[in-house]
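Beneath this line is the structure, given in structure tokens, with notes to follow.
The values are calculated or read from the model by the stated rules, or taken from the named source; none is laboratory data. These figures come from a predicted structure and were not determined experimentally. Cβ coordinates were reconstructed from backbone atoms using ideal geometry, including for glycine residues, and neighbour counts include every protein chain displayed.
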Amino acid sequence: MNSAKNAPKPAKLTLNLGLKDRNTFGLDAIAEVAYEITAADQLPELFKELADKKQVWRALGGGSNVILPNRMPGATLLINILGQEVCKTDEQNTWISVGAGLNWHDFVSWTLEQNLPGLENLALIPGTVGAAPIQNIGAYGLEVGEYIDSIEAFDSEAHAFVTLPQEACQFAYRNSFFKQNPHRFIVTKVVFKIPKSWKPRLQYADLAKQFSNSNTAPSAQEIFTAVCNIRSQKLPDPKVIGNAGSFFQNPIVSNVQYEQLIEQFPSLVSYPDTPGMRKLAAGWLIDQCGFKGQRMGPVGVYEKQALVLVNHGGGTATDILSLAKTIQEKVRHTFGVQLDIEPNIF
């Protein structure tokens, strides 16, 4: 009796579920079979069922970093695992355990309400907590991997839960162990380690400019507000116009190639990277090729930020990828640089 009483509630099943509201590009995708995952312990039984049926699957969080096809065969797992709590603290750090389905921006806001600063530079990035480490999201001089202690995930190959400490996650620029092993892990919980010693990070020009006239260092809340304002001015609201934020990764080139480019293009925008390497501003490259504000049918390049592709309405994955290919070819022809797509193509 007890085992039946403690058995997890099965994941809610919906057939032919429209996902237009579940992806920030606003694409009219249909999930053939959708399961709503509200607790990690629903996954083992579900994966037994999927294996028995030999059904293909994919996991979907907030849909902020994906390009969905018109029809998605097999099973789509909607990750809605919520909840956050301080699970440990000592003199130097505070550890927070967070469900993978929690909205990322809401979580960052909550950390500041709890007087746990550190993540404020990552405010207003769309998506869920569980998706953040997969892409190792970053903005304004900070990457989320720096603050992650460990990640709990369901390993679909081993049919078991695993806990990966930070070093096993192999965080790199917009990359991680999870991204390198696609279609294997479902992140269910992220444990963050927030240092109690805090200093503002203002090295990015846009952010430094916000506080250039101040004689005192800004608070974490002030940085949070400034980041929200900057992002709102530069990036379109997905509720108003479909987009997935930055569409291309900033390409990294050798110092030798950088020197050749800067000689030909003196106003080239770039940032220091690892020794011997330089990170180029993909938005600048695209803008120089004349794409900012351009349309190609129902999709186009955002008029205020060339790094963002937008769906003006009725666009499909094919439309977006066709535009992306046109941009990639022009940038490669002009600068000899390859642009890699940031969102996941389902």
Inset, instruction - Could you please find all residues in segment 218-276 being under 29 Å from G118 (Cα atoms) and hydroxyl-bearing (S, T, Y)? - result: S219, T225, S232, S246, S270, Y271, T274
Legend entry - segment 301-318, subset under 20 Å from L339 (Cα atoms) and part of a loop (DSSP other than H, G, I, E, B), residue nearest to the chain's Cα centre (by Cα): L307
Legend entry - Selection within segment 291-316 - within 16 Å of F248 (Cβ to Cβ) and among the small types (G, A, S): G300, A306
Legend entry - Answer residue from segment 167-178, given it is at pLDDT 95 or above and in contact with a helix residue (DSSP H, G or I) (Cβ under 7 Å, 6 or more places away or on another chain) and is nearest to W57 (Cα to Cα) among those: F178
Legend entry - Condition broken by V144, with the remaining ones in (1) in contact (Cβ under 8 Å) with a residue 12 or more places away in the chain; (2) surrounded by fewer than 19 Cβ atoms within 10 Å (Cβ to Cβ) satisfied: (2)
Inset, instruction - Could you list all residues from segment 255-274 that are farther than 13 Å from Q288 by Cα and under 26 Å from the mean Cα position of the chain (by Cα)? - result: S270, Y271, P272, D273, T274
Inset, instruction - Please name all residue pairs, on different chains or six or more residues apart, with Cβ atoms under 7 Å, provided the first residue is in segment 160-176 and is farther than 23 Å from E342 by Cβ and the second residue is of a type in the set (F, W, Y) and buried (at least 16 other Cβ atoms within 10 Å of the Cβ). - result: F161/F154; A168/F177
Inset, instruction - Could you tell me which residue of segment 142-183 is farthest from N103 (Cα to Cα), considering only residues that are charged (D, E, K, R) and either within 18 Å of the chain's Cα centre (by Cα) or part of a strand (DSSP E or B) (or both)? - result: D155
Legend entry - Residue check, F178 aromatic (F, W, Y), in contact with a strand residue (DSSP E or B) (Cβ under 7 Å, 6 or more places away or on another chain) and surrounded by 14 or more Cβ atoms within 10 Å (Cβ to Cβ): yes
Inset, instruction - Could you tell me whether segment 87-99 includes any residue that is surrounded by fewer than 18 Cβ atoms within 10 Å (Cβ to Cβ), farther than 19 Å from I345 by Cα, of a type in the set (G, A, S) and out of contact with any Leu (no Cβ under 6 Å at 6 or more places or on another chain)? - result: yes
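Where in segment 1-60 are there strands (runs of 3 or more DSSP E), lying fully within it, with 1 or more residues that are surrounded by fewer than 19 Cβ atoms within 10 Å (Cβ to Cβ) and on the phi > 0 side of the Ramachandran plot?
Values: elements: 12-18, 30-37, 57-60.
It comes to 12-18.
Here is a check on your reading of the model: is A205 within 28 Å of L102 (Cβ to Cβ), without any contact (Cβ under 8 Å) to a residue 24 or more places away in the chain, small (G, A, S) and not assigned by TED's automatic domain parsing to the domain that holds L119? Give the derivation first.
Working: within 28 Å of L102 (Cβ to Cβ): no; without any contact (Cβ under 8 Å) to a residue 24 or more places away in the chain: yes; small (G, A, S): yes; not assigned by TED's automatic domain parsing to the domain that holds L119: yes.
So A205 does not fit the description; no.
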